[in-house]
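The values are calculated or read from the model by the stated rules, or taken from the named source; none is laboratory data. What you are looking at is a predicted structure, and each value in this text was computed from that prediction instead of being measured. Cβ placement follows ideal geometry from the backbone for every residue including glycine, while neighbour counts extend to all protein chains displayed. For accessibility, only protein heavy atoms count, side chains too; no ligands or nucleic acids. Shrake-Rupley method; radii C 1.70, N 1.55, O 1.52, S 1.80 Å.
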Amino acid sequence: MTQLTSLSIQNFRNCASAQFELSSGLNLIVGNNAAGKTAIIEAIWLLATGRSFRSQKSHHLIQHNTQSTTIFCETKSSYNPDEIHKIGIQKTLDNTLLRIDGETIKSHGPIAKLLPIQLLTPESHKLLEEGPKARRQFMDWGCFHQSEDFMPLWRNYQRGLKQRNHALKKRLPKEQVQLWDQTLVENAKQIDVIRQNYLDELTPYLITFCQALMPEIETDVVCQYRAGWPKTTEDLLELYQQNFAKEQQLGHTQYGAHRADIRFKFNNQEAMNILSRGQQKLFVCALLLAQASLHEKVVNEPVIMLIDDLPAELDEIHRTKLLELLQILNIQHIITTTSKDLIPILNKETSKTWNIELGKVCSS
Ligand SMILES: Nc1ncnc2c1ncn2[C@@H]1O[C@H](COP(=O)(O)OP(=O)(O)OP(=O)(O)O)[C@@H](O)[C@H]1O
Ligand SMILES: [Mg+2]
């Protein structure tokens, strides 16, 4: 299984230096408010994705009065015990250095592939409430890990979209806008097939985890995929041509793969309208567990789950249920909490606990 075996953090937020030798199951980080718990989760997320979920500015992440932050980990695969990787990121104010096994790499893609990490935070329920971006990112996480073709298609699409939007915004002549239509259409159609297939494969898992976490809901969830253009559209290229005047007015491309979305429905009603806040959080857990299970089946490696402030997410019964499922699925999990008593330790042998105080970590 993909597993972080060790983690080291230097000069990240309020944490000057921290080392962890991680366990294969539960890794619990306990600390009071402002101790630096979210900072640890954020540092791992930054290493895995190249981004923070709190700030896009490097100077927010680098510890005050220092020049750079470094996060480094070692990973192990359980299917092949010889497959060990050393992965690192160093961020200065104006530069990012990425390394895998001593080699400098240019893009974050290879690290993201080696570190399939999922994140649950007290804000995760926004996946349902907010605009389609978070739902697209959720879907594209799976597409990225399961289809080699997805990333190049998405990059080509983005490049074309940027140029086309630039031409629309500058009100360049029609031909200069339409120059990009073919690129957009070709890539969008292939992205569409990958996303549609991914959701089709994901849905049975999602139904299973919704039943496990929310047995009180009697109907199964339905995932309605939206491609990013009207269902009635037979020819996307023609749609672009017909819609040119409107898009020129808007100054951007109205339809395409960048507008895809998913609607989750129970009994034909939008999930966010009928689920309680707690159920919304459980639904997001079900989405992540479904994604984790499908990932394990297709890629043959389980994901690693980061959960920031688990008690803020779920009540005692559902915390235990989630922890049981993570254990059954063999998912390494790194969880933060303000109180140790709120987290049941289901298996002592695969669990470890640390205390964190003012950015200083010590094992307990
Ligand atoms: N760049 C930085 N340098 C030094 N300290 C920082 C930096 N950025 C944030 N901090 C401080 O780090 C501390 C830890 O914040 P963090 O959000 O990780 O705490 P937390 O343990 O998750 O708290 P809570 O339980 O309230 O969520 C805060 O006191 C914050 O002010
Ligand atoms: Mg926090």
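Laid out as a table, the results:
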read-out	value
Additional length obtainable on full extension of the chain from residue 274 to residue 163, 0.36 nm per residue less Cα span	35.9 nm
Extension reserve of the residue 327-residue 34 stretch, reckoned as 0.36 nm per residue once the Cα distance is removed	102.6 nm
The stretch 105-165: C-alpha gyration tensor shape, a/c 1.5 cut-off, then a/b vs b/c	oblate
Residue 175 accessible area, 1.4 Å probe, all protein chains in place, Å² to nearest 10	120 Å²
Longest to shortest principal axis, alpha-carbon extents of the stretch 232-364, angstrom	65, 39, 33
Å² per residue, accessible surface of the stretch 131-296 at 1.4 Å	49 Å²
Surface share of carbon and sulfur [accessible, 1.4 angstrom probe, percent] for the chain	48 percent
Sparsely packed GluC sites (Glu not before Pro) within the stretch 1-95, loop by DSSP, other Cβ within 10 Å at most 14	83
Sequence of 223, 362, 285 from largest to smallest accessible area, 1.4 Å probe	362, 223, 285
Taking all pairs of distinct alpha-carbon atoms in the stretch 131-296, Kirkwood radius in angstrom	17.2 Å
The stretch 15-111: relative contact order as a whole-number percent, Cα under 8 Å and 6+ apart	18 percent
Efficiency of FRET from Cβ geometry, residue 315 and residue 222, R₀ 30 Å, rounded to 0.05	0.70
Partners for residue 360 among aspartates and glutamates (Cα-Cα distance below 16 Å; same-chain residues under 8 apart left out)	21, 42
Largest-first ordering by accessible area, 1.4 Å probe, given options 255, 79	79, 255
Angle in degrees between helix 150-169 and the longest Cα principal axis of the chain, rounded to the nearest 10	50 degrees
Restricting the stretch 189-252 to trypsin sites (Lys or Arg not before Pro) in coil, as DSSP defines it, with at most 13 other Cβ within 10 Å	231
Pair-distance profile P(r), taking every C-alpha pair of the chain, with 20 angstrom steps and integer %	27, 55, 18, 0
Radius 15 Å from Cβ of residue 82, net charge of other residues (Lys, Arg +1; Asp, Glu -1)	-2
With eigenvalues of the C-alpha gyration tensor scaled by 5 and rooted, the stretch 200-274, Å	35, 12, 9
Relative contact order for the stretch 131-296, counting Cα pairs under 8 Å that sit 6 or more residues apart, in percent	31 percent
Rg/Rg_globular for the stretch 1-75, with Rg_globular taken as 2.2 N^0.38 Å and Rg from C-alpha atoms	1.08
Mean residue ellipticity (222 nm) of the chain, computed from DSSP H runs ≥ 4 via -39,500 (n - 2.57), nearest 500	-13000 deg cm²/dmol
Helix 37-49 axis, angle to the chain major axis (alpha carbon atoms, nearest 10°)	50 degrees
Out-of-range pairs (alpha-carbon distance over 26 Å; input 162/231; 126/246; 133/321; 106/352; 76/106; 86/126)	126/246; 133/321; 106/352; 86/126
Sequence-separation-based contact order of the chain, relative, with Cα cut under 8 Å and 6+ spacing, percent	27 percent
Angle in degrees between helix 316-328 and the longest Cα principal axis of the chain, rounded to the nearest 10	80 degrees
Accessible surface ranking that places the most exposed of 59, 145 first, with a 1.4 angstrom probe	59, 145
Share antiparallel - DSSP beta bridges, the chain, percent rounded to 5	70 percent
Cβ-based charge dipole, the chain, positive-most Cα from 344, 138, 326	138
